[in-house]
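Visitor: Here's a structure for you.
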Amino acid sequence: MLYILIFTTPGNAILTPIVEKKLQEAIKLPVKLELFRLTYNHFEAVIVPTKSNRIECKGEYSIFSQSLSARYRADLNDLAALQPLTKQPLQGSFSTLGTIAGPVKALKIKGESDLAGSMTVYHSDIIEYNPVSVTLSMRNANIADLLFMTKQPAFAEGALGIDANISLDQQMPEGTIHLDIADGSVDTAIMKNEYNVTLPKSVFSFNAEGTFDAKQANYTLTLRSNLAQIDSAGTLVPEPLSADISYDFKIRELALFKPLTHAPFRGPLMLKGTLKGDNKKMQVIAASDLADSTTRLSSTLINFRPDTLLLKVNHLSMKKLLFTLGQPLYADA
């Protein structure tokens with residue numbers, strides 16, 4: 001009787017609305033099951049969470065060995081309609097396909113995607129129904145497409161690459177991440193229309209590398225552009241919190257960063273220094289040419305609050321300071 005209820009065409013017809021309702025309750029979307037077939041060793045399903053989004057999966061399984069071998073494909077042509085599931089305001093489309101195989105308590109997922117026009121491959125190990133590792137390789141993702149997908153003005157273009165190898169073991173998390181942007185350029189028309197910033201033609205490249213484990217994280221990053229050069233490297237320890245960071249900013253035009261800062265800063269700035277210490281005592285050292293000045297700063301933070309401050313500023317131009325801060329030039333000195 002149980003076999004007839006579950007593994008036959010009439011049984012599948014009975015189960016379909018039940019499974020459909022459970023999916024609707026789980027992901028808060030008007031899910032439709034266009035196809036649902038289940039036999040004693042095979043399954044196939046076509047899930048339509050919304051009109052323009054479609055997920056197909058089919059494969060074989062063994063009740064006795066508790067193993068699975070399946071293929072899947074997701075064509076998500078309207079990300080905006082999936083907001084109840086994603087919890088983020090997204091738009092656009094992408095597809096992904098791959099396989100899921102292994103014992104149900106030790107599954108391996110291998111897939112590929114065209115996210116933002118990229119060539120992306122990924123792999124994940126699922127142990128006891130929890131992901132324990134993720135490997136990702138992304139090539140030539142279009143930055144403008146990614147900005148569009150996240151509903152941001154497409155103020156930049158370029159080819160994004162990511163290589164990540166991460167262990168999600170709660171006891172011993174560790175991983176490496178490498179990110180680079182090649183052939184980057186800033187859309188000066190969008191910068192003018194969206195941020196009221198006028199920029200000359202700007203090209204850039206970006207590179208960042210990081211490693212982490214349960215004890216600390218290390219990173220290096222570089223930005224190269226005709227309007228800015230940025231270098232930073234350091235070590236961060238989460239428990240107890242400590243940092244050892246160096247930075248060197250040579251910026252010809254601060255307005256370049258308005259999409260990130262949302263502040264009216266403009267003009268050139270050189271800033272170089274270090275940040276070293278822990279949550280109890282942090283030493284901040286900086287040197288800058290703010291508004292044509294020679295500025296030196298040394299400060300000690302106790303529990304993240306200023307305890308001592310030594311600031312020396314020579315030859316600062318009030319007119320250029322107001323310009324840098326995006327204020328009217330009502331004074332000079």
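The values are calculated or read from the model by the stated rules, or taken from the named source; none is laboratory data. In this text the structure is predicted, and so the values were computed from the model without any measurement. Glycine also receives a Cβ, built like all others from the backbone with ideal geometry; neighbour counts cover every protein chain displayed.
Visitor: Residue check: is PRO173 surrounded by fewer than 16 Cβ atoms within 10 Å (Cβ to Cβ), touching a strand residue (DSSP E or B) at 6+ places or on another chain (Cβ under 8 Å), of a type outside the set (Asp, Glu) and in the same structural domain as MET270 (by TED's automatic domain parsing)?
Guide: The answer is no for PRO173.
Visitor: When you go through ARG54, ARG71 one by one, which is the residue that is outside any helix (DSSP H, G or I) and within 25 Å of the chain's Cα centre (by Cα)?
Guide: Going through ARG54, ARG71 in turn, the sole match is ARG54.
Visitor: Oh, and also: Within the group ILE27, ILE63, which residue is hydrophobic (A, V, I, L, M, F, W, C) and more than 34 Å from the chain's Cα centre (by Cα)?
Guide: Step by step, each of ILE27, ILE63 is checked, and only ILE63 is hydrophobic (A, V, I, L, M, F, W, C) and more than 34 Å from the chain's Cα centre (by Cα).
Visitor: Let me ask something else. Would you mention how many residues in the range 16-74 are of a type in the set (Phe, Trp, Tyr) and surrounded by 16 or more Cβ atoms within 10 Å (Cβ to Cβ)?
Guide: Counting residues in the range 16-74 that are of a type in the set (Phe, Trp, Tyr) and surrounded by 16 or more Cβ atoms within 10 Å (Cβ to Cβ) gives 4.
Visitor: Right, ASN140: surrounded by 15 or more Cβ atoms within 10 Å (Cβ to Cβ), modelled with pLDDT of 95 or more and on the phi < 0 side of the Ramachandran plot or not?
Guide: So ASN140 does not fit the description; no.
Visitor: Please work out which residue is nearest to VAL203 (Cα to Cα), limiting yourself to the range 168-188 and to residues that are within 20 Å of the chain's Cα centre (by Cα) and of a type in the set (Ser, Thr, Tyr).
Guide: Filtering the range 168-188 for residues that are within 20 Å of the chain's Cα centre (by Cα) and of a type in the set (Ser, Thr, Tyr), the one nearest to VAL203 (Cα to Cα) comes out as SER185.
Visitor: I need a count of the residues in the range 184-209 that are of a type outside the set (A, V, I, L, M, F, W, C), under 30 Å from ASP163 (Cα atoms) and touching a helix residue (DSSP H, G or I) at 6+ places or on another chain (Cβ under 8 Å).
Guide: Residues in the range 184-209 being of a type outside the set (A, V, I, L, M, F, W, C), under 30 Å from ASP163 (Cα atoms) and touching a helix residue (DSSP H, G or I) at 6+ places or on another chain (Cβ under 8 Å): 4 in total.
Visitor: Follow-up question, since we're still on this one. Among (1) buried (at least 17 other Cβ atoms within 10 Å of the Cβ); (2) more than 30 Å from THR300 (Cβ to Cβ); (3) hydrophobic (A, V, I, L, M, F, W, C); (4) out of contact with any Leu (no Cβ under 6 Å at 6 or more places or on another chain), where does VAL203 come up short?
Guide: (1)
Visitor: Quick one: would you say THR211 is under 18 Å from the mean Cα position of the chain (by Cα) and over 18 Å from THR261 (Cα atoms)?
Guide: yes
Visitor: List the pairs whose first member sits in the range 178-202 and is assigned to a helix (DSSP H, G or I), whose second member is exposed (fewer than 15 other Cβ atoms within 10 Å of the Cβ), and whose Cβ atoms are under 9 Å apart, counting only residues at least 6 apart or on separate chains?
Guide: From residues that are assigned to a helix (DSSP H, G or I), the pairs are THR188/THR198; THR188/PRO200; THR188/LYS201; MET191/THR198; LYS192/THR198; TYR195/HIS262.
Visitor: Looking for something within 18 Å of GLY184 (Cβ to Cβ) and in contact with a Lys or Arg (Cβ under 7 Å, 6 or more places away or on another chain) - is there at least one such residue anywhere in the range 258-276?
Guide: No; the residues of the range 258-276 include none that is within 18 Å of GLY184 (Cβ to Cβ) and in contact with a Lys or Arg (Cβ under 7 Å, 6 or more places away or on another chain).
Visitor: Evaluate the following for GLN91: is it over 22 Å from LEU136 (Cα atoms), surrounded by fewer than 14 Cβ atoms within 10 Å (Cβ to Cβ), polar (S, T, N, Q) and modelled with pLDDT of 95 or more?
Guide: When the stated conditions are applied, GLN91 passes them.
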